[in-house]
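Structure, as structure tokens:
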Amino acid sequence: MATITIHYFGMLESLTGKAEDRLDIPAGWSVDQLLEHLDRQYSGLRDKCFRVAVNDAIQSGERVIDEGDRIALMPPFAGG
Amino acid sequence: MNSRYDRQMILPEIGAEGQRRLKEARVLVIGAGGLGCPVLQYLTAAGTGFIRMVDADTVAWTNLHRQVLYGTEDVGRPKVVVAKEVLSRMNGEVEIEALQVFATPDNVFELMDDIDIVVDATDNIPTRYLVNDAGVLSGIPVVYGAIHRFEGQVTVFNYKGSAHYRDLFPEPPREGEIPDCQTAGVLGVLPGIVGAYQAAEVLKIITRSGEVLANRLLFIDIWKQRHHVFEYHPAAPGHPSLPATREALQAQDYRQNCLTPANGRTVDKEAFCTLLEEKHIVFLDVRQPEELPRWTDDRVLSIPLDRLRAEKQLLPKDKKIVTFCQTGIRSRQALPLLDDFIPRENLAYIPFSIHQILAYVTQMDRR
């Protein structure tokens, strides 16, 4: 198992109802696998437009998640 | 010269040389709203040589709590006209050009003509893609700022070859997915802060000093005090969705193509496994031929995204078309390219990666 923190920004905070989450996930999960898991918890999440950062660097879905990683889900903002 | 700029010129990082560069600089500010106001004020105060500002809107009551160039008397007047009056009073040494238009594919290159830096102070996603694309094609850095309720984003695109908006957000959101200030609300001070950050990036770029926020996205949350800097990089294979030429940009419908239709047609895992049983279906691979792994199946057809518009005639019109790609991004971008050719109900995309597709195919084969 790996314990990670997930930060939700913008619209995703409204969708999940939280700004931050701690989660235990199986070791070796990729970002895509995590998103699939989160999508089951927060229906429609996967369909939203956002990028995933792991430890403050934007990563692709194949990136493997490690113990203690800080995950951030960042959508674009429109307002000005 | 009077002592107007003394306090910034005694900074060794600016100095007389930096001030001279400022005087020679030509900046385009797109949008004279919440972000545009502080950007314009600080660039004017700092002694920027030439500022072209662009906004077709008039001042509304609902603007006044955050758009601090405008007052009660100005409601109903064109923003750029009022802004020019106020800014000229602030600093008559700055040449200000006020254009009461919106940036469009038709005028954007003209607006960027003879400009050193563009500030994206717009308020909607399609215009952000437009400004980015035109900046990239014109070889001009774009200083981006965007806000949502109490949160803001700042970064610099296309600075000495750095990443740009399509590297950060390759796939556009759906129509209505990302609310504007009108829908979501905004605390007046937030664009003040984000716009001031944008102005700071402009000053650093002009004076060739400091660390420019390129390849890094600054995120601020003034309510919960969450502050982060996220690194991002140019995407390796480039962007099929970035227009290759000015003519291609001008031919694009940004309103249409930079938002995915709200009734998006996504194929989730379950739907995908059902589709695997179908015969009258084409799984359309929109990746480049060299991208691996390949999916070998009689129903798979390969047309790379950048050739899709030209080669869509290869697709059967009587079958369901389901697009896929390496990560689930381009598969979505393919839909608007096919919308006028394939009936909507026959068109969908797979939002997950080729690796997941192949894993599901293997699972189904085992049954």
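Yes/no per residue for (1) within 18 Å of residue B:329 (Cβ to Cβ); (2) surrounded by fewer than 18 Cβ atoms within 10 Å (Cβ to Cβ):
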{"residue": "A:2", "(1), (2)": "no, yes"}
{"residue": "A:16", "(1), (2)": "no, yes"}
{"residue": "A:19", "(1), (2)": "no, yes"}
{"residue": "A:35", "(1), (2)": "yes, no"}
{"residue": "A:47", "(1), (2)": "yes, yes"}
{"residue": "A:52", "(1), (2)": "yes, no"}
{"residue": "A:64", "(1), (2)": "no, yes"}
{"residue": "A:73", "(1), (2)": "yes, no"}
{"residue": "A:77", "(1), (2)": "no, no"}
note = The condition from (1) touching a Phe, Trp or Tyr at 6+ places or on another chain (Cβ under 8 Å); (2) buried (at least 19 other Cβ atoms within 10 Å of the Cβ) that residue B:227 misses is numbered (2)
query = Of the residues B:349, B:360, which single one is within 14 Å of chain A (Cβ to nearest Cβ), touching a helix residue (DSSP H, G or I) at 6+ places or on another chain (Cβ under 9 Å), hydroxyl-bearing (Ser, Thr, Tyr) and surrounded by fewer than 20 Cβ atoms within 10 Å (Cβ to Cβ)?
reply = B:360
message = For the condition away from every other protein chain (no Cβ under 14 Å), without any contact (Cβ under 8 Å) to a residue 60 or more places away in the chain and either outside any strand (DSSP E or B) or surrounded by fewer than 22 Cβ atoms within 10 Å (Cβ to Cβ) (or both), what is the one hit in B:7, B:21?
response = B:7
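One line per residue, one yes/no per condition, for (1) touching a Pro at 6+ places or on another chain (Cβ under 9 Å); (2) not β-branched (Val, Ile, Thr):
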{"residue": "B:61", "(1), (2)": "no, yes"}
{"residue": "B:64", "(1), (2)": "no, yes"}
{"residue": "B:76", "(1), (2)": "no, yes"}
{"residue": "B:81", "(1), (2)": "no, no"}
{"residue": "B:108", "(1), (2)": "no, no"}
{"residue": "B:111", "(1), (2)": "no, yes"}
{"residue": "B:119", "(1), (2)": "no, no"}
{"residue": "B:124", "(1), (2)": "no, yes"}
{"residue": "B:129", "(1), (2)": "yes, yes"}
query = Is it fair to say residue B:259 is within 14 Å of another protein chain (Cβ to nearest Cβ) and in contact with an Asp or Glu (Cβ under 8 Å, 6 or more places away or on another chain)?
reply = yes
query = Would you say residue B:332 is part of a helix (DSSP H, G or I), under 27 Å from the mean Cα position of the chain (by Cα) and within 26 Å of residue A:35 (Cβ to Cβ)?
reply = yes
task = Collect the residues in segment B:174-199 that are β-branched (Val, Ile, Thr) and touching a residue at least 12 places away in the same chain (Cβ under 8 Å), keeping them in residue-number order.
result = B:178, B:186, B:189, B:193, B:194
task = Would you be able to say whether some residue in segment B:156-173 is in contact (Cβ under 8 Å) with a residue 40 or more places away in the chain, closer than 27 Å to residue B:68 by Cβ and either assigned to a loop (DSSP other than H, G, I, E, B) or assigned by TED's automatic domain parsing to the domain that holds residue B:239 (or both)?
result = yes
task = Filter segment B:137-154 for residues that are more than 10 Å from every other protein chain (Cβ to nearest Cβ), β-branched (Val, Ile, Thr) and over 11 Å from the mean Cα position of the chain (by Cα) and give the result.
result = B:140, B:154
ask   = Does segment B:270-302 hold any residues that are in a helix (DSSP H, G or I) and surrounded by 16 or more Cβ atoms within 10 Å (Cβ to Cβ), and which are they?
value = B:272, B:275
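The values are calculated or read from the model by the stated rules, or taken from the named source; none is laboratory data. Values in this document were obtained by computation on a predicted structure and should not be read as measured data. Glycine also receives a Cβ, built like all others from the backbone with ideal geometry; neighbour counts cover every protein chain displayed.
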